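**Student:** Let me give you the structure first, and then I'll get to my questions.
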Number of protein chains: 2
Amino acid sequence: MYRLTVLYNQPTDPAAFDEYYANTHMPLAAKLPGLRSAAVSKGDTLDGSTPDVYQVSELYFDSKTDLVAALTSEQGQAVSADVANFATTGASMVFTEVTEVSL
Amino acid sequence: MYRLTVLYNQPTDPAAFDEYYANTHMPLAAKLPGLRSAAVSKGDTLDGSTPDVYQVSELYFDSKTDLVAALTSEQGQAVSADVANFATTGASMVFTEVTEVSL
């Protein structure tokens, strides 16, 4: 599986971020062509401090080819453009081919 | 599942990093008590440039309690101390309770 991970920085207004993400951005991203599965997780810390990473969103595709096709599609361009509407403190993207390790 | 994600910065000597990781660090980390599964993935880019994140390592535990127990165990302290032996350009850690999204 090929994955796009988006690490969102701590927002100034977490409640507004969550509201926009759940009701606008996620429904938009869910329609990306070729999207196989997704996970949305809140950043955490072990000492109770505020984490630098507020949210981690992971989008899984069958292949890098599928991901590129999704991001360059009309839907993909709308999803990318929408990020600026709520991720006002920034976000970083990490692309990986995911490989499970046998323990 | 509770996850520790380690994002390793691009090393100065990727071959040496890979060799040490595969033969020393991963075998050490694989013995962490309560570790349920793990994934090790290389960072990628869409334009062929060198990614800032060289490798993403994910360690999954049943709960945050289990992760804390693992990291504070003797084995966990050895794993943490070993990071400085190969991650000479730095790494960042992200803790998340992973939540799959229904599409």
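The values are calculated or read from the model by the stated rules, or taken from the named source; none is laboratory data. Fair warning: this is a prediction, and the values are worked out from it, not measured in the lab. Virtual Cβ from ideal backbone geometry, glycine too; neighbours counted across all protein chains shown.
**Student:** Quick one: which strands (runs of 3 or more DSSP E) lie wholly within the range B:2-103 and hold at least 3 residues that are of a type in the set (S, T, Y)?
**Tutor:** Values: elements: B:2-9, B:37-44, B:53-61, B:91-97.
Per the criteria, B:2-9, B:53-61.
**Student:** Kindly establish whether B:N9 is in contact (Cβ under 8 Å) with a residue 60 or more places away in the chain, in contact with a Ser or Thr (Cβ under 6 Å, 6 or more places away or on another chain) and not charged (D, E, K, R).
**Tutor:** Numbers: in contact (Cβ under 8 Å) with a residue 60 or more places away in the chain: yes; in contact with a Ser or Thr (Cβ under 6 Å, 6 or more places away or on another chain): yes; not charged (D, E, K, R): yes.
Judged against the criteria, B:N9 is a match.
**Student:** Give me the pairs: first residue in the range A:39-61 and without any contact (Cβ under 8 Å) to a residue 40 or more places away in the chain, second residue in a loop (DSSP other than H, G, I, E, B) and hydroxyl-bearing (S, T, Y), beta-carbon distance under 7 Å, and six or more apart or on different chains, which are they?
**Tutor:** So the pair list comes out as A:A39/B:T99; A:V40/B:T99; A:S41/B:T99.
**Student:** Give A:A70, A:A22, A:A30 a once-over and let me know the one that is at pLDDT 95 or above and in contact with a Pro (Cβ under 8 Å, 6 or more places away or on another chain).
**Tutor:** Answer to the selection: A:A70.
**Student:** Could you tell me which numbered condition A:Y20 fails, if it satisfies all but one of (1) surrounded by fewer than 15 Cβ atoms within 10 Å (Cβ to Cβ); (2) more than 21 Å from B:F95 (Cα to Cα)?
**Tutor:** (1)
**Student:** Counting only residues that are over 12 Å from the mean Cα position of the chain (by Cα) and touching a residue at least 60 places away in the same chain (Cβ under 8 Å), which one in the range B:72-89 is surrounded by the fewest Cβ atoms within 10 Å (Cβ to Cβ)?
**Tutor:** My answer is B:N85.
**Student:** Can you pull out every residue in the range B:30-53 that is within 13 Å of the chain's Cα centre (by Cα) and either surrounded by fewer than 17 Cβ atoms within 10 Å (Cβ to Cβ) or facing chain A (nearest Cβ under 9 Å) (or both)?
**Tutor:** Of everything in the range B:30-53, those that are within 13 Å of the chain's Cα centre (by Cα) and either surrounded by fewer than 17 Cβ atoms within 10 Å (Cβ to Cβ) or facing chain A (nearest Cβ under 9 Å) (or both) turn out to be B:A30, B:L35, B:S37, B:A38, B:A39, B:V40, B:S41, B:K42, B:G43, B:V53.
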